[in-house]
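Visitor: Mind looking over this structure? Questions follow.
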Amino acid sequence: MAFISDITRGLYKENPVLKQALGLCPTLAVSSSVSNGIGMGLAATFVLICSNVLISMIRKMVPDKIRIPVYIIVIATFVTIIDLAMAGFVPDLYKRLGIFVPLIVVNCIILGRAEAYASKNNVWKSLVDGIGMGIGFTVALVVISTIREILGNGTFLGIPLFGAGFEPVMAFALAPGAFITIGFILAFIAWLDHRKAAK
């Protein structure tokens with residue numbers, strides 16, 4: 001039961017993007033298409049899981065004074081692995097994501113979970129937390145990307161959904177569309193939470 005609770009915590013209750021407003025920079029930048037959102041989500045999930053596990057393993061050996069630099073080195077190691085893997089195996093996606101793959105190193109979700117959770121819990125709990133938060137981040141990216149791609153391009157995963165007469169709302173394909181989409185989603189979630197608390 002605790003396993004399910006820890007996994008689902010990242011989906012809604014503590015969703016890094018939709019509840020804690022973390023990782024907004026890559027979310028705003030790469031969520032113009034669903035394929036980009038999935039790619040960034042999976043890359044960040046890989047780094048989150050691996051860094052959580054390793055940081056949990058070494059947490060008792062790292063002095064408090066240097067813990068943040070050590071965490072960043074650990075995270076940077078896994079970011080380098082995923083960066084090279086994406087460049088080699090999915091070069092088109094890698095080019096579309098651009099600088100935001102290496103910038104996973106400074107993603108506040110990953111460093112935040114390392115400091116707030118992995119450094120204080122055992123390997124198993126840190127692994128589960130990494131999976132849950134990674135899935136939550138990926139789901140948030142996919143939801144935002146889906147709305148933006150459908151409204152901004154009339155497609156889903158590059159597949160046209162509407163006839164030739166469809167006129168896309170170009171704002172959703174551009175940076176302002178990301179702010180508008182996230183704003184509406186956050187407002188909807190706040191409304192749901194308020195309604196739930198009122199019952």
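Visitor: Output the qualifying pairs, or none if there are none: Cβ atoms under 8 angstrom, residues six or more apart or on different chains, first residue in the range 150-171 and without any contact (Cβ under 8 Å) to a residue 24 or more places away in the chain, second residue of a type in the set (Val, Ile, Thr) and surrounded by 12 or more Cβ atoms within 10 Å (Cβ to Cβ).
Guide: Within 8 Å, the pairs are Leu161/Ile150; Leu161/Thr155; Ala171/Ile180.
Visitor: On the basis of being open to solvent by 40 Å² or more (accessible area, probe 1.4 Å) and aromatic (Phe, Trp, Tyr), does Phe78 make the cut? So that I can check it myself, show each step before the final result.
Guide: Details: open to solvent by 40 Å² or more (accessible area, probe 1.4 Å): no; aromatic (Phe, Trp, Tyr): yes.
Here the answer is no, as Phe78 does not meet what is asked.
Visitor: Another one. Do we find a residue being outside any helix (DSSP H, G or I), surrounded by 15 or more Cβ atoms within 10 Å (Cβ to Cβ) and not hydroxyl-bearing (Ser, Thr, Tyr) anywhere in the range 108-117?
Guide: No, there is no match, as no residue in the range 108-117 is outside any helix (DSSP H, G or I), surrounded by 15 or more Cβ atoms within 10 Å (Cβ to Cβ) and not hydroxyl-bearing (Ser, Thr, Tyr).
Visitor: OK, next. Which one of these does Glu167 not meet: (1) touching a helix residue (DSSP H, G or I) at 6+ places or on another chain (Cβ under 7 Å); (2) more than 24 Å from Ser5 (Cβ to Cβ); (3) acidic (Asp, Glu)?
Guide: Here Glu167 meets the rest and fails (1).
Visitor: Continuing with this model, one more query. For the condition closer than 21 Å to Lys120 by Cβ and either within 10 Å of the chain's Cα centre (by Cα) or of a type in the set (A, V, I, L, M, F, W, C) (or both), what is the one hit in Ile55, Ile38?
Guide: Ile55
Visitor: Let me ask something else. Output the residues belonging to the range 53-75 that are in contact (Cβ under 8 Å) with a residue 12 or more places away in the chain, surrounded by fewer than 17 Cβ atoms within 10 Å (Cβ to Cβ) and not β-branched (Val, Ile, Thr).
Guide: Residues satisfying the conditions are Met57, Arg67.
Visitor: Cβ-Cβ distance below 8 Å, separation of 6 or more or different chains: which pairs start in the range 173-199 with a residue that is of a type in the set (Val, Ile, Thr) and end on one that is outside any helix (DSSP H, G or I) and open to solvent by 60 Å² or more (accessible area, probe 1.4 Å)?
Guide: Ile189/Lys19
Visitor: Now for a different question. Out of everything in the range 4-23 that is in contact (Cβ under 8 Å) with a residue 12 or more places away in the chain and more than 21 Å from Phe179 (Cα to Cα), what residue ends up being surrounded by the most Cβ atoms within 10 Å (Cβ to Cβ)?
Guide: The residue in question is Gly10.
The values are calculated or read from the model by the stated rules, or taken from the named source; none is laboratory data. This is a predicted model, so every value here is computed, not measured. When we count neighbours, we look across all protein chains shown, and the Cβ atoms used for this are built from the backbone with ideal geometry, even at glycine. What goes into the accessible areas is simple: the full protein's heavy atoms, side chains included, and nothing from ligands, DNA or RNA. Shrake-Rupley method; radii C 1.70, N 1.55, O 1.52, S 1.80 Å.
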